[in-house]
Amino acid sequence: MISPAHTNISREIPAADAALPQGAARFTETPFSRKKMRSESAAEYVFLAMTLLLVAPLLLILGYLLYQAWPILSLDFLLTNPKRGMRAGGIWSPLLGTFYLVFLSLVIATPIGVLAAVYLNEYARNNWFTRLIQLAVVNLSGVPSIVHALFGLGAFVLFAGIGRSILAASLTLAIMTLPVIIAGTKEALSSVPQSFREACWNVGATRWQTIRAVVLPNAVSGILTGIILQVSRAAGETAPILFTGAVFFKAISEGDLLAYGLFDQCMALSMHLFTISTQVPDVPHALPYGTAIVLLGAVLCINAVSILLRIVLRSRKKW
Amino acid sequence: MAEEPANPSAPAVVFCGFSVWFGEKQALQDIQLSACRGQRLALIGAAGSGKSTLLRSLNRSNDMIPGYRYQGSILLDDRDIHDPRIDVAALRRRVGLVGTPAAVLPGSIFDNVALALKMAGEQSKQRIFEKVQNGLMKVQIWDRVKDRLQESAAGLTTSMILQLSLARTLVLEPEVLLLDEPGAGLDHQVVTMLEDLLEDLKETHTILMATNDLKQAARASDRTAFFQCGSLVECGPTRLLFTRPQSEMTCNFITERF
């Protein structure tokens with residue numbers, strides 16, 4: 001009498017098998033699996049297309065600028081002042097002015113921004129005061145540059161009495177770039193694992209020792225990224241320097257890297273480009289294009305140096 | 001921190017009515033507990049019973065956690081460790097914590113240990129090297145790492161990371177050694193090494209060890225304290241606690257009927 005029960009069980013197994021759809025063994029294609037594969041490859045092509053779409057305009061712009069600017073590009077173009085009411089000559093004076101502005105604004109904004117971010121991320125307690133500061137930082141980075149320009153005019157040029165000068169313009173640019181540097185640095189610091197800090201505290205390191213020995217060395221590449229982004233912004237903005245230190249035209253001694261003083265007014269590439277393309281009649285066609293490509297090239301050069309620095313620092317990172 | 005030598009029989013660490021909150025949640029409740037020099041105290045209890053919190057309170061690691069609040073006091077050689085005049089960094093050098101999972105710092109194997117000495121102000125490269133070597137020998141990985149001291153420590157195994165972080169703590173010559181679940185996920189040899197080392201160290205150190213492994217607690221401790229839900233249920237000589245527990249809860253826990 002055991003056999004009925006036994007056969008009963010053995011019958012159930014093929015029955016369960018039969019419940020599966022025809023041909024649904026593991027590696028056989030079903031309509032569903034074909035559909036999945038189709039959408040998988042479709043997704044990949046869509047993403048690829050978007051990426052190409054992103055790069056194409058950049059290459060087109062670069063190519064077009066280079067093509068238009070080619071006749072005028074030479075070392076002389078970089079090293080001579082604009083001449084004959086900016087209808088001839090080179091761009092030495094605005095080029096040097098832009099370098100001064102970018103360099104000085106970063107020299108001012110970087111230490112303040114990085115140290116403030118260290119405070120906010122490493123020391124500050126999570127209370128209403130800290131949250132208020134963070135809210136302010138986030139909102140400040142969204143303020144239009146022309147508003148920064150007015151602030152710079154009021155605070156540095158008029159109130160502090162610096163007058164329109166490279167210093168006032170750089171301070172204005174520094175105020176503009178500061179919130180983004182703070183936000184970027186804070187991001188980089190908070191990506192350093194907390195366990196590193198705790199291990200360091202546990203061997204009797206103070207907070208500052210921990211920051212110097214463990215946190216900053218591991219965050220430095222991220223911090224640099226935040227600063228690199230600001231180079232191009234500081235070089236490209238026209239509004240903040242418009243009221244605070246940039247001039248329409250100024251001739252300086254050609255080839256002299258120290259031609260500008262801190263309290264001089266200066267020319268700047270971004271403003272020069274605006275002037276010769278809209279304000280001055282009969283400018284030779286290639287001149288604005290040449291200026292644009294130099295502005296772009298200068299930014300790329302500074303970025304390249306920072307990226308190299310970052311690669312070197314990252315290769316020394318051992319985790 | 002040079003003070004008059006403490007009475008060797010007096011308890012080195014005393015918790016007096018010590019309670020801890022993280023935000024609204026109470027993590028430790030009115031703990032009365034003491035640990036003496038020359039004794040290994042094991043803390044047992046289910047996960048979340050407050051063992052780690054107790055250890056971390058003792059070197060003030062919890063200070064950095066937002067929402068941390070305490071009541072009562074902890075005495076280390078009769079001095080309240082929350083005394084505002086106390087140098088927290090010096091306290092942490094006297095009270096070494098090996099956390100879980102054992103932390104590995106970015107940098108080379110050598111730097112991982114040398115960092116502790118550098119932070120303590122040691123400048124002589126010669127002395128740093130000697131102490132690092134000594135520390136790595138104590139935890140018995142010197143032979144395995146001596147040829148790759150400059151390699152990144154990130155590639156080490158879990159066991160070696162624990163040994164490394166133990167070495168990092170020991171080079172500072174702490175008086176109190178806190179171990180948070182040593183042995184979790186480690187190979188047998190390392191656990192044996194660790195327990196032998198604790199046996200040697202107990203003459204000169206006060207050792208507190210939180211563990212999830214009841215066998216380890218039974219093997220490698222002189223006294224055991226059982227925690228449940230942030231309260232100390234029972235504390236006594238290990239052999240006594242494991243053979244004749246006073247409390248029903250302890251009995252349930254050690255017979256793993258939890």
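The values are calculated or read from the model by the stated rules, or taken from the named source; none is laboratory data. Note that the structure is a prediction, hence the values are computed from the model and not measured. Counting neighbours? That spans all protein chains shown, and the Cβs are built from the backbone with ideal geometry, glycine included. Each accessible area value is taken on the protein alone, full model and side chains, heavy atoms only, with ligands, DNA and RNA left out. Shrake-Rupley method; radii C 1.70, N 1.55, O 1.52, S 1.80 Å.
Of all the criteria given as (1) within 11 Å of chain A (Cβ to nearest Cβ); (2) surrounded by fewer than 21 Cβ atoms within 10 Å (Cβ to Cβ); (3) under 30 Å from A:ARG314 (Cβ atoms), the one not satisfied by B:ILE65 is (3). Among the residues making up region B:61-90, those that are in contact (Cβ under 8 Å) with a residue 60 or more places away in the chain and either among the β-branched types (Val, Ile, Thr) or closer than 30 Å to B:LEU186 by Cβ (or both) are B:ILE74, B:LEU76.
Of the listed requirements (1) of a type outside the set (S, T, N, Q); (2) open to solvent by less than 10 Å² (accessible area, probe 1.4 Å); (3) facing chain A (nearest Cβ under 9 Å); (4) more than 22 Å from B:PRO182 (Cβ to Cβ), B:ALA114 misses just one: (3). For beta carbons closer than 9 Å, sequence separation of 6+ or different chains, a first residue in region A:102-119 that is in a helix (DSSP H, G or I) and a second that is among the charged types (D, E, K, R) and surrounded by fewer than 14 Cβ atoms within 10 Å (Cβ to Cβ), there are no qualifying pairs.
Please determine whether any residue of region B:39-57 is within 21 Å of A:THR210 (Cα to Cα), within 14 Å of chain A (Cβ to nearest Cβ) and not in a strand (DSSP E or B). Working first, answer last.
Applying the first criterion (within 21 Å of A:THR210 (Cα to Cα)) to region B:39-57 yields B:56-57.
Right, trim to within 14 Å of chain A (Cβ to nearest Cβ) and you get B:56-57.
So of that shortlist, the ones also not in a strand (DSSP E or B) come out as B:56-57.
Looking for residues that are within 21 Å of A:THR210 (Cα to Cα), within 14 Å of chain A (Cβ to nearest Cβ) and not in a strand (DSSP E or B), one finds at least one in region B:39-57, hence yes.
Looking only at helices (runs of 4 or more DSSP H) that lie completely in region B:135-203, which have at least 3 residues being hydroxyl-bearing (Ser, Thr, Tyr)? So that I can check it myself, show each step before the final result.
Values: elements: B:142-145, B:158-170, B:188-201.
Those helices (runs of 4 or more DSSP H) span B:158-170.
Among the residues of this structure, A:GLY163 does not count as one that is more than 30 Å from B:ASN59 (Cα to Cα) and in a helix (DSSP H, G or I). B:GLY99 fulfils the conditions (1) free of Cβ contacts under 8 Å to residues at least 40 places away in the same chain; (2) crowded, with 17+ Cβ neighbours inside 10 Å except for a single criterion, (1).
Among the residues of region A:251-275, the ones that are at pLDDT below 80 and under 22 Å from A:ALA292 (Cβ atoms) come to 2 in all. For region A:174-200, the set of residues classified as open to solvent by 20 Å² or more (accessible area, probe 1.4 Å) and within 11 Å of chain B (Cβ to nearest Cβ) consists of A:PRO193, A:GLN194, A:SER195, A:GLU198, listed by residue number. B:GLU175 fulfils the conditions (1) charged (D, E, K, R); (2) away from chain A (no Cβ under 11 Å); (3) free of Cβ contacts under 8 Å to residues at least 60 places away in the same chain; (4) more than 15 Å from B:PRO101 (Cα to Cα) except for a single criterion, (3).
Okay, residues lined up against (1) in contact with a Lys or Arg (Cβ under 6 Å, 6 or more places away or on another chain); (2) charged (D, E, K, R); (3) modelled with pLDDT of 85 or more:
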residue	(1), (2), (3)
A:TYR64	no, no, yes
A:TRP70	no, no, yes
A:LEU75	no, no, no
A:THR80	no, no, no
A:ARG84	no, yes, no
A:GLY90	no, no, no
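How many residues are open to solvent by less than 20 Å² (accessible area, probe 1.4 Å), more than 8 Å from every other protein chain (Cβ to nearest Cβ) and of a type in the set (S, T, N, Q) when one looks only at region B:151-172? Show your work before the answer.
Residues of region B:151-172 that are open to solvent by less than 20 Å² (accessible area, probe 1.4 Å), as a first pass: B:153, B:156, B:159-160, B:162-171.
Within this subset, residues satisfying the condition of being more than 8 Å from every other protein chain (Cβ to nearest Cβ) are B:156, B:159-160, B:162-164, B:166-167, B:170-171.
Narrowing further to those that are of a type in the set (S, T, N, Q): B:159, B:163.
Counting residues in region B:151-172 that are open to solvent by less than 20 Å² (accessible area, probe 1.4 Å), more than 8 Å from every other protein chain (Cβ to nearest Cβ) and of a type in the set (S, T, N, Q) gives 2.
Taken over region A:201-236, the criterion of being β-branched (Val, Ile, Thr), open to solvent by less than 20 Å² (accessible area, probe 1.4 Å) and out of contact with any Pro (no Cβ under 9 Å at 6 or more places or on another chain) is satisfied by A:VAL203, A:THR210, A:ILE211, A:VAL215, A:ILE223, A:ILE228, A:VAL231.
Selection of region A:223-256 for residues being closer than 18 Å to A:SER105 by Cβ and not in a helix (DSSP H, G or I) yields A:GLU237, A:THR238, A:PHE243, A:THR244, A:GLY245, A:ALA246, A:VAL247.
Got at least one residue in region B:83-93 being buried (at least 17 other Cβ atoms within 10 Å of the Cβ), part of a loop (DSSP other than H, G, I, E, B) and more than 10 Å from chain A (Cβ to nearest Cβ)? Scanning region B:83-93 turns up no residue that is buried (at least 17 other Cβ atoms within 10 Å of the Cβ), part of a loop (DSSP other than H, G, I, E, B) and more than 10 Å from chain A (Cβ to nearest Cβ).
Only one of A:THR278, A:THR291 is of a type in the set (Ser, Thr, Tyr), open to solvent by 20 Å² or more (accessible area, probe 1.4 Å) and at pLDDT 80 or above. Can you tell me which? I'd like the intermediate steps shown before the answer.
On the way: A:THR291 fails: open to solvent by 20 Å² or more (accessible area, probe 1.4 Å).
The unique qualifying residue is A:THR278.
Considering only residues in region B:117-143 that are of a type outside the set (A, V, I, L, M, F, W, C) and closer than 23 Å to B:ASN59 by Cβ, the one that is nearest to the other protein chains (Cβ to nearest Cβ) turns out to be B:LYS118.
Filtered by the rule that a residue be part of a helix (DSSP H, G or I) and either more than 17 Å from A:THR80 (Cβ to Cβ) or among the basic types (Lys, Arg) (or both), region A:276-288 gives A:SER277, A:THR278, A:GLN279.
Answer with yes or no whether B:LEU97 is hydrophobic (A, V, I, L, M, F, W, C), within 11 Å of chain A (Cβ to nearest Cβ) and assigned to a strand (DSSP E or B).
Values: hydrophobic (A, V, I, L, M, F, W, C): yes; within 11 Å of chain A (Cβ to nearest Cβ): yes; assigned to a strand (DSSP E or B): yes.
So B:LEU97 passes the test.
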